[in-house]
Amino acid sequence: MNDIQSHLDRRWPFSIVGFVAVALIASCASPSDYDPGRWSPSPPVFYPGYDGGISQRDGSSDAKGCLHAVNGACTCDGGTCERQDKFVVFGGRNDDDGYLDSTWEWDGNTWFQRNTAGPSARMSTAATLGNKVVLFGGTSDSALGETWEWDGHSWGRRLAATEPPKRMHGAMATLDVNVVLFGGENGNATLHDTWEWNGTTWTERNVAGAPLARSGHAMATLGNKVVLFGGRGERVFDDTWEWNGTCWTQLNVTGPKPRDGHAMATFGNKVILFGGYGVNATGSTTRLDDTWEWDGTTWTQRSPAVAPKARELHGMGTLEGKVLLFAGSDVGESSLTYFNDLWEWDGTTWSKRNVGTAPSARHGSAAAILP
């Protein structure tokens, strides 16, 4: 077994034995030249975890002397101050600690660990809905199927009459008043189902012309659409899709090389993509360190002088007008190397933030913004 394959086995400890089909009802047009066979089929490989939750305001005071309150307001020096948005990461995995269940917040200057009961240790995926963060599923060596919400004070397990099947390595993004969930895998099959959560109810959207089954893809909101790129299923994908709330449309564009394990975040009127595991400029399969922008029409590669190290399974989100990138992993000499560094993208430059106390190194953490 070569080094690359051994590391792949560490990323994806499950094998896929089938693909799940969903009922085909509604349809959007796809480019006529789309050829699902342009890649020769190859067995998918999966990594350990990618799904998690978010943080807590527990009455502690931050560096600005602001006392976090249950309702999201806070008192500063006897007065009131506006509650800040937070970049929150939950869970993840590393070789020393296994799966993690810690919740951390970054306020733009300092990391704070929030001690609160909530989801079990896992890798997972999360998205913002209103003033809450929604978490669904994940993995702790087997697929999970729970819905959790973080309201800025406590985690709550949400029970719905109908829920998506258990899954790991799916992707979520917010569109209007819904969180959109697409794809993932459950250890036996790769999925290509589309679900929406409105804060009370999960609804499956049975649509024709959806992206092929995949996991390890990324999604982000751009205007009135959700953008999906890449992932791994019967092959590694380099396709770009949009969900408009009714149907999926594949866009006939060129852009980043095929990959999975990358991350995306909304940045004004663009989506930023960084890294993942895929094909580099020389044709080698490896962790990637490239930065791309999607403006709704065109992918543009950016070439900053300094960038985060190549990695996959990192988290991204947008806070105070900058894209944040946290954690992830790369191949070391004999094992995976895990990161706990924090980077900011301002539209031109990547800057590493030098911080004191920080979450432990990990990959597969859920990352989202808590308004």
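The values are calculated or read from the model by the stated rules, or taken from the named source; none is laboratory data. Small disclaimer: the values here were computed from a predicted structure and weren't measured. FYI the Cβ positions are ideal-geometry reconstructions off the backbone, even for glycines, and counts take in every protein chain you see.
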**Prompt:** Taking interchain pairs and intrachain pairs at least six residues apart, which have beta carbon atoms under 9 angstrom, with the first residue in the stretch 114-126 and surrounded by fewer than 24 Cβ atoms within 10 Å (Cβ to Cβ) and the second at pLDDT 95 or above and polar (S, T, N, Q)?
**Reply:** 120/140; 121/140
**Request:** Name every residue in the stretch 98-107 that is at pLDDT 95 or above and either of a type in the set (Gly, Ala, Ser) or surrounded by fewer than 16 Cβ atoms within 10 Å (Cβ to Cβ) (or both), in order of residue number.
**Result:** 98
**Complete:** residue 200: passes all of (1) closer than 23 Å to residue 342 by Cα; (2) of a type in the set (Val, Ile, Thr); (3) in a loop (DSSP other than H, G, I, E, B) but (1)
**Request:** Hey, could you check the stretch 292-316 for residues that are of a type in the set (A, V, I, L, M) and in a loop (DSSP other than H, G, I, E, B) and say which is surrounded by the most Cβ atoms within 10 Å (Cβ to Cβ)?
**Result:** 313
**Complete:** Over the stretch 274-291, the set of residues small (Gly, Ala, Ser) and either in contact with a Cys (Cβ under 7 Å, 6 or more places away or on another chain) or surrounded by fewer than 16 Cβ atoms within 10 Å (Cβ to Cβ) (or both) is 281, 283, 284
**Message:** Tell me whether the stretch 193-216 contains one or more residues that are farther than 25 Å from residue 369 by Cβ, charged (D, E, K, R) and surrounded by fewer than 18 Cβ atoms within 10 Å (Cβ to Cβ).
**Reply:** yes
**Request:** Taking only the stretch 190-201 into account, find how many residues are more than 14 Å from residue 175 (Cα to Cα) and more than 18 Å from the chain's Cα centre (by Cα).
**Result:** 2
**Message:** List pairs: first residue in the stretch 205-230 and more than 15 Å from residue 313 (Cα to Cα), second residue among the hydroxyl-bearing types (Ser, Thr, Tyr) and assigned to a loop (DSSP other than H, G, I, E, B) anywhere in the structure, Cβ distance under 6 angstrom, at least six positions apart or on different chains.
**Reply:** 208/27; 209/27; 209/30
**Asked** Does residue 184 satisfy being surrounded by 24 or more Cβ atoms within 10 Å (Cβ to Cβ) and among the small types (Gly, Ala, Ser)?
**Response** yes
**Request:** May I ask you to list the residues in the stretch 301-334 that are over 19 Å from the mean Cα position of the chain (by Cα), among the hydrophobic types (A, V, I, L, M, F, W, C) and modelled with pLDDT of 95 or more?
**Result:** 305, 306, 307
